[in-house]
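The structure under discussion appears below in the form of structure tokens.
The values are calculated or read from the model by the stated rules, or taken from the named source; none is laboratory data. What you see is a predicted model; the values in this text were computed from it and never measured. No Cβ is skipped: glycine too gets one built from the backbone with ideal geometry, and neighbour counts run over all protein chains shown.
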Amino acid sequence: MALRDLSSSSSSPELHVLAVDDSFVDRKVLERLLKISACKVTTVESGTRALQYLGLDGDNGSSGLKDLKVNLIVTDYSMPGLTGYELLKKIKESSALREIPVVIMSSENIQPRIEQCMIEGAEEFLLKPVKLADVKRLKELIMRGGEAEEGKTKKLSPKRILQNDIDSSPSSSSSTSSSSSSHDVSSLDDDTPSSKRIKLESRG
Amino acid sequence: MDALIAQLQRQFRDYTISLYQQGFLDDQFTELKKLQDDGSPDFVAEVLTLFFEDCVKLISNMARALDKTTGAVDFSQVGASVHQLKGSSSSVGAKRVKALCVSFKEYCEAKNYEGCVRCLQQVDIEYKALKTKLQDMFNLEKQIIQAGGIVPQVDIN
């Protein structure tokens, strides 16, 4: 299974997930949750290491690690050094990376914190401990992709703490047609409020 | 041999259920079991091993931070380790350890030295107790497999 990129011709492309957590136990569990959900996983123990992996640290020498495009970033909120929120911000500020969906995990159900993350552009906010059902739901959400939203104006809906109320109408047709441009700002039907286009490069 | 297997399986089932009933484990442990399969047959044991190592390290950090002989106690430092332990205990379903961490955290926030010291002692006892229980449980699993049986899925209520 030597996937060099995600244009593998198998029926469903595998997501490559970057999992960021300072807890060794949580990294191990998260890795397994993701692998069992048919994702490729890379784990790192800090926001700084995540940025290095993503090539955002300005040091191009470290890009040897990055041979697989990242399709999803799942990060813990409370980490020493760069918090998950700060990592989220850096990713969304980067033109190269802002389209990668970022999911924040936290053991604490703090509404203002959740809203702050959603406003900053997080795809989802998961409460720890993370369960298999959470990962499955997350994967479905990400794979569904959908229309692009305005790149920066993510202040649309702070109430995006969507759990199960995701409109499941298929919007895949419009997503494949617009998958070529990186900054497509057309948001047509807003039926899938949490949709974010993923550059899965699965263009047949 | 079948009678032996059946007996071991029954023991295993009863023992596992008792761990849940006595509050040692919660349904996050059940979630971990879902992640174990023929491809990763020792996943749960591996994660729990990591967890117990974490306990040793974090408890030692807490003890050091609560050591008055080195100066004033830094409760935020204690709290940081407690927060980490709370997180990993939650992730593996170590219910009692997690509950203790919740109280421990409150004592840290209140800068209650005696309360913290008490919690530290209790957390140490509790993780060791869980470790022993789980070792017994894993041993039963091993015995079942060695007798040629399969480890039953235990349905908690």
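Within the span defined as segment B:76-91, one or more residues are within 22 Å of A:P129 (Cβ to Cβ) and touching a residue at least 60 places away in the same chain (Cβ under 8 Å). Which one of the conditions (1) more than 10 Å from chain B (Cβ to nearest Cβ); (2) modelled with pLDDT of 95 or more does A:L30 fail to meet, given that it meets all the rest? Answer for A:L30: the failing condition is (1).
Determine if segment B:63-77 includes at least one residue that is at pLDDT 95 or above and surrounded by 24 or more Cβ atoms within 10 Å (Cβ to Cβ). The answer is no, given that none of the residues of segment B:63-77 is at pLDDT 95 or above and surrounded by 24 or more Cβ atoms within 10 Å (Cβ to Cβ). Screening A:R49 with (1) in a loop (DSSP other than H, G, I, E, B); (2) at pLDDT 95 or above gives one miss only, at (1). Here A:S62, A:S107, A:S95 are screened, and the one residue that is away from every other protein chain (no Cβ under 14 Å), in contact with a His (Cβ under 9 Å, 6 or more places away or on another chain) and modelled with pLDDT under 95 is A:S95. Filtered by the rule that a residue be within 10 Å of another protein chain (Cβ to nearest Cβ) and part of a helix (DSSP H, G or I), segment B:86-97 gives B:K86, B:G87, B:S88, B:S89, B:S90, B:S91, B:V92.
Selection of segment B:10-43 for residues being part of a loop (DSSP other than H, G, I, E, B) and either within 14 Å of chain A (Cβ to nearest Cβ) or surrounded by 13 or more Cβ atoms within 10 Å (Cβ to Cβ) (or both) yields B:F24, B:D26, B:L35, B:Q36, B:D37, B:D38, B:G39, B:S40, B:P41, B:D42.
Against the condition crowded, with 18+ Cβ neighbours inside 10 Å, away from chain A (no Cβ under 14 Å) and within 15 Å of the chain's Cα centre (by Cα), how does B:L100 come out, does it pass? Yes; evaluated as a whole, the condition is true for this residue. In this structure, is A:E14 outside any strand (DSSP E or B), at pLDDT below 95 and closer than 22 Å to A:L138 by Cβ? Yes: the conditions hold for A:E14.
In segment B:49-62, which residue that is within 9 Å of another protein chain (Cβ to nearest Cβ) and either buried (at least 21 other Cβ atoms within 10 Å of the Cβ) or touching a helix residue (DSSP H, G or I) at 6+ places or on another chain (Cβ under 6 Å) (or both) is nearest to B:Q121 (Cα to Cα)?
Of everything passing the filter in segment B:49-62, B:D54 is nearest to B:Q121 (Cα to Cα).
Restricting segment B:67-85 to residues that are among the β-branched types (V, I, T) and closer than 18 Å to B:D124 by Cα leaves a set whose member that is nearest to the other protein chains (Cβ to nearest Cβ) is B:V82.
When segment A:119-143 is filtered for residues that are away from every other protein chain (no Cβ under 12 Å) and of a type outside the set (D, E), the ones remaining, listed by number, are A:I119, A:G121, A:A122, A:F125, A:L126, A:R137, A:L138, A:K139, A:L141, A:I142, A:M143. The set of residues in segment A:33-46 that are of a type in the set (A, V, I, L, M) and either more than 13 Å from chain B (Cβ to nearest Cβ) or not in a helix (DSSP H, G or I) (or both) comprises A:A38, A:V41, A:V44.
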